[in-house]
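Below is one structure; the comments refer to it alone.
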Amino acid sequence: MIQVGVLGAGTMGSGIAQVAATAGHQVVLVDVNEQQLEKAKNALTKILFRLVEKGKLSDNEANDVLRRITFSSSLEDFAGSGIVIEAIVENLKIKNEVFRNLETITGADCILATNTSSLSVASIGAVLNNPGRIIGIHFFNPAPLMPLVEIIPAVQTTETTLQTAKQLIDSWRKVTVLTKDTPGFIVNRVARPFYGEALRIYEEGIADFATIDWAMTELGGFRMGPFTLMDYIGNDINYTVTETVFAAFYYDPRYRPSLTQKRHSEAGYLGRKSGRGYYNYAEGVTLPEP
Ligand code: NAI
């Protein structure tokens, strides 16, 4: 079994590491931020032992999964990996810098994948000397629970990279869907108007966050309302994705970002991860589990 490298130990990276380690791979989870690594380790331990309590994993299995994950702050530890999945900030310049470094560290056959939500996979891979290794592998949050994974070959991606990546993710018992390298791919594109229209309804003073969420869950049959979901995803990430999709579709007004979301993001009201978003979690909001 190949070693799996995961770059970025945030919301997505730690979930992807859990999925790969549960499937039996040795995993190297790298982050520039030592505190984040510590946080990811504690969170993963908590999640795995909650699964033990629920009877979904044995004590030994949980310990084995944890033992298979190496937490590191050095990219050099990706040297022996067969694939590296990048899940760092949604910023092309930073991602390009990282992929340039990844190419010098990993072997020639190592697949270099990105979990980007909205950037073009082609633009991320453009800095590589061998761009045939680039591919988009887009997990959904929370990665261990969400079965769908979008597989996005860029124009540079070779057939071998595509087939190897798809087989790997299929072997992790995920449901893969092949999509073109277009802004937001399938799911994030469909989701833009869902968030956008909810924010516009709020901005027009028609209803508050909780009422809109209530209407969508109780009456609309959605598992989460738009504001609960944006808080779950993170307002910084969600806003950036909207901005990128808007620009990538040549400023089509259908995808126009919201100033309300921008202000929440600027204020640090990022959602669950910062304790406050559209809702104040410090005051104890009861949220539906996904
Ligand atoms: P996050 O903010 O929770 O985590 C990002 C992590 O990357 C942080 O721990 C940070 O310290 C680390 N990092 C930043 N720059 C780095 C660098 N140069 N080298 C190593 N580590 C670095 O972000 P999140 O939500 O996990 O998103 C990561 C990626 O996944 C983004 O591209 C995002 O668009 C995508 N994504 C996010 C989803 C979500 O619901 N949050 C869903 C699907 C994809």
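Some observations on this one:
- Exposure proxy order (Cβ contacts within 10 Å, fewest to most) of ASP31, ASP208, ASP181: ASP208, ASP181, ASP31
- For region 88-161 versus region 1-58, the spacing of their alpha-carbon centroids is 19 Å.
- Computed over every Cα-Cα pair of region 107-214 and binned at 10 Å starting from 0, the pair-distance distribution P(r) comes out as 14, 37, 26, 14, 8, 1 percent.
- Å³ per residue enclosed by the Cα convex hull of the chain: 133
- Close Lys-Lys pairs in the chain, where close means Cα under 25 Å and separation is 8 or more or interchain: 26
- Exposure proxy order (Cβ contacts within 10 Å, fewest to most) of LEU219, LEU29, LEU168: LEU219, LEU168, LEU29
- Each label was represented as a point 7 Å from its Cα along the Cα-to-Cβ direction; for ALA207 and VAL155 these points are 4.4 nm apart.
- Residues of region 241-270 with amide N under 17 Å of the 7 Å Cα→Cβ point at MET146: 241-245
- Antiparallel DSSP beta bridges within the chain, percent to nearest 5: 20
- Residue of ALA43, ALA165, ALA17 that the Gaussian network model of the chain assigns the largest fluctuation, springs spanning Cα pairs under 10 Å: ALA43
- Split the chain at each of the trypsin sites (Lys or Arg not before Pro) in a DSSP loop with at most 16 other beta carbon atoms within 10 Å, and the longest piece is 57-172.
- Spin-label model, ILE47 to THR70: label points 7 Å out along the Cα-to-beta-carbon direction sit 2.1 nm apart.
- The long axis of helix 235-248 is offset from the longest Cα principal axis of the chain by roughly 90 degrees.
- Annotation: amide H-H contacts under 5 Å for GLY277 (H modelled 1.01 Å from N, sequence separation of 5 or more, or interchain): GLY271.
- Extension gain for the segment LYS39 to LYS56, taken as residue separation times 0.36 nm less the Cα-Cα distance, is 3.8 nm to one decimal.
- Estimated from helices alone, the mean residue ellipticity of the chain at 222 nm is -13500 deg cm²/dmol (sum of -39500 (n - 2.57) over DSSP H runs with n ≥ 4, per residue).
- Compared with the direct C-alpha span, the chain from ALA108 to VAL285 gains 58.8 nm at full extension, assuming 0.36 nm per residue.
- As a rough footprinting exposure proxy, the listed residues SER74, SER14, SER120 were ranked by other beta carbons within 10 Å of their own, and the order from fewest upward is SER74, SER120, SER14.
Values quoted throughout were computed directly from the atomic coordinates according to the rules given, and no laboratory measurement underlies them. Note that the structure is a prediction, hence the values are computed from the model and not measured. Cβ: placed from backbone, ideal geometry, glycine included. Neighbour counts: every protein chain shown.
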